[in-house]
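Working notes, beginning with the structure itself.
The values are calculated or read from the model by the stated rules, or taken from the named source; none is laboratory data. Here the structure is a predicted model, which means the values were calculated and not measured. Ideal geometry is used to build each Cβ from the backbone, glycine not excepted, and the neighbour counts take in all protein chains shown. Quick note on the areas: whole protein, heavy atoms, side chains included, nothing else; ligands and nucleic acids left out. Shrake-Rupley method; radii C 1.70, N 1.55, O 1.52, S 1.80 Å.
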Amino acid sequence: MNPVVHKPLLATVLGQRQDRPPMWIMRQAGRYLPEYRETRKQAGTFLDLCYNPELAAEVTLQPLRRFDLDAAILFSDILVIPDALGQSVRFETGEGPILEPLDVKGIDRLEPARASAHLAPVLETIRRLRATLPADKTLIGFCGAPWTVATYMLNGRGSPDQWVARRFALEQPAAFDRLMDMLVETSIDYLAAQLEAGADVVQIFESWALNLDDASFVRQVIDPNRRIVEGLRQRIPNAPIIGFPRGGAGNMARYAQMTGVNALGVDYATPLDFVRSHLPADLPVQGNLDPLRLVVGGEAMEKQVEAIIAAFADRPHIFNLGHGIVPETPIAHVERLVELVKHG
Ligand code: CP3
């Protein structure tokens, strides 16, 4: 981190409000960009692309060449962690990720000792980005939160209600806790290495903070996120961290307070009023346009963009979507969005 150069997005994470909100777009490198689809073809499999520092750095930079965004997010995936621990992971076009589902024996066969060597190419991607990215752009590293990653590891693929993982957590508490401990430790090492390699900020993606009762939310979401924040700050004091508990609903305030993240990612189903009335006035927030409004564009998008900027006008705010951009998104709509956020 170079304190002399002003990075508006990093500054916002650290609590300084900017005149216009800095912005990035969740999942900004991806299939809605023709140049991404082209590089992706060259790379081989999706994981080959994640572990190819030259091509991964290239796709990280693609959205910034087109749009006036304030941050680049490392191109990788949350599921490189299970891959690094030795679980079989592949990505099928149209189907998303497919893993060999874990049982108790499978958990005990995971090999945390091999993770850091396996993830070395991702750190090389960050070093390359650090060397080429303009000084005012923030470089965001990331990992999946342990619960979100565990839902894929236990079920073998995405699921609408995380039933398999929720049931496993209750029926096999000891094995579940061993898995979560391993993911917490691996994530701390991985995020510390990302910051050391040159990331300015890290985001913890808790994409499945849904469908959990009070006690499970504390055990499966808050505790592991808090342990990562604490563990990371023991290694790197003041490490800037964004937490994104998608679907956290009534638990958002507790999440922010108990984990100690610097900034809170807000999903699009969270009412703007709720943020104003339930979250500390000085807490930096990031979000929260529905990605579908960006697909549709026009008034459906523009009115909500204005409402979001107005609702967060008195606190540090990073403009973003409230979940990832989808492949159907017209590029002209992204151009318009950036124009609106930057210039009104
Ligand atoms: O531009 C960026 O945001 C950087 C790269 C990035 C990817 N995945 C690339 C990717 C990031 C930050 C992620 C995070 C991620 N991965 C999350 C958390 C964010 C969220 O959307 O909730 C999750 C849950 C995953 C797991 C994952 N990876 C799924 C469910 C899928 C398939 C569905 C989909 O979104 O495409 C992936 C594949 C994936 N990860 C792609 C990309 C660009 C598409 C694969 C392809 O190119 O063939």
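For the range 86-121 and the range 1-58, what is the separation of their Cα centres, given in Å?
24 Å
So how far, in whole Å, is the C-alpha centre of the range 297-335 from the one of the range 164-203?
Measuring centre to centre over Cα atoms gives 30 Å.
When the label point is put 7 Å from the Cα of Gln18 along its Cα-to-beta-carbon vector, which residues of the range 218-253 have a backbone N closer than 18 Å?
240-243
Collect residues whose amide H, placed 1.01 Å from N in the peptide plane, falls under 5 Å from the amide H of Asn320; neighbours closer than 5 in sequence don't count.
Distant-sequence amide H within range of Asn320: Gly287, Asn288, Leu289.
Could you state how much accessible area Lys303 has, in square angstrom rounded to the nearest 10, with a 1.4 Å probe and all protein chains kept in place?
Per-residue accessible area (Lys303): approximately 130 Å².
Once you place label points 7 Å from the Cα toward the Cβ at Val104 and Asp282, how far apart are they in nm?
Placing both labels 7 Å along Cα→Cβ, they lie 4.9 nm apart.
Within the accessible area of the range 126-171, what % is carbon and sulfur when the probe is 1.4 Å and the other protein chains stay in place?
55 percent
Out of the DSSP beta bridges found with both residues in the range 87-246, what percent are antiparallel (nearest 5)?
Looking only at bridges with both residues in the range 87-246, the antiparallel portion is about 30 percent.
Using the Karplus curve 6.51 cos²θ - 1.76 cosθ + 1.60 with θ = phi - 60°, what ³J(HN,Hα) values do you get for each residue of the range 193-199, in whole Hz, with x for Gly and Pro?
5, 5, 5, 5, 6, x, 5
Rank-order 273-283, 153-163, 199-209 by packing density, defined as the average count of other C-beta atoms within 10 Å over each peptide's residues, highest first.
So the peptides 273-283, 153-163, 199-209, ranked by packing, come out 199-209, 153-163, 273-283.
Given Cα pairs under 8 Å that are at least 6 residues apart, what percent is the relative contact order of the range 8-343?
22 percent
Using a 1.4 Å probe, what is the accessible area per residue for the range 8-343, in Å²?
40 Å²
Only Lys, Arg, Asp and Glu count, each charged at its Cβ (+1, +1, -1, -1), so figure out the dipole size of the chain about its Cα centre, rounded to 20 debye.
Once rounded to the nearest 20, the dipole reads 340 debye.
If you plug each phi of the range 271-281 into the Karplus form 6.51 cos²θ - 1.76 cosθ + 1.60 with θ = phi - 60°, what whole-Hz ³J(HN,Hα) values come out, in order, with x for Gly and Pro?
Here the 3J(HN,Hα) series is x, 4, 4, 4, 4, 5, 8, 10, 10, x, 4 Hz.
From the phi angles alone, apply the Karplus equation (6.51, -1.76, 1.60; θ = phi - 60°) to the range 29-44 and give each ³J(HN,Hα) in whole Hz, x where the residue is Gly or Pro.
Computed from phi, the couplings for the range 29-44 are 9, x, 5, 6, 9, x, 5, 5, 4, 5, 5, 4, 5, 4, 6, x Hz.
Compute the length gained on full extension between Asp161 and Leu292: take 0.36 nm times their separation in residues and subtract their Cα-Cα distance, giving the result in nm to one decimal.
45.0 nm
Probe radius 1.4 Å, ligands and nucleic acids ignored: give me the carbon and sulfur share of the accessible area of the range 236-287 as a rounded percent.
C and S fraction of accessible area: 54 percent.
Which cross-chain or sequence-distant (5 or more) residues have an amide H under 5 Å from the amide H of Phe205, H modelled 1.01 Å from N in plane?
Excluding prolines and chain starts, which carry no amide H, the hits are Cys143, Gly144, Ala145.
At 0.36 nm per residue, and after removing the present C-alpha to C-alpha distance, how many nm does the segment from Glu306 to Val5 gain when stretched out fully?
Length gained between Glu306 and Val5: 105.4 nm.
Near the amide H of Ile98, under 5 Å away, which other amide H atoms are found, from residues 5 or more places off or on another chain, if H is placed in the peptide plane?
So Ile98 has HN proximity to Arg90, Phe91, Glu92.
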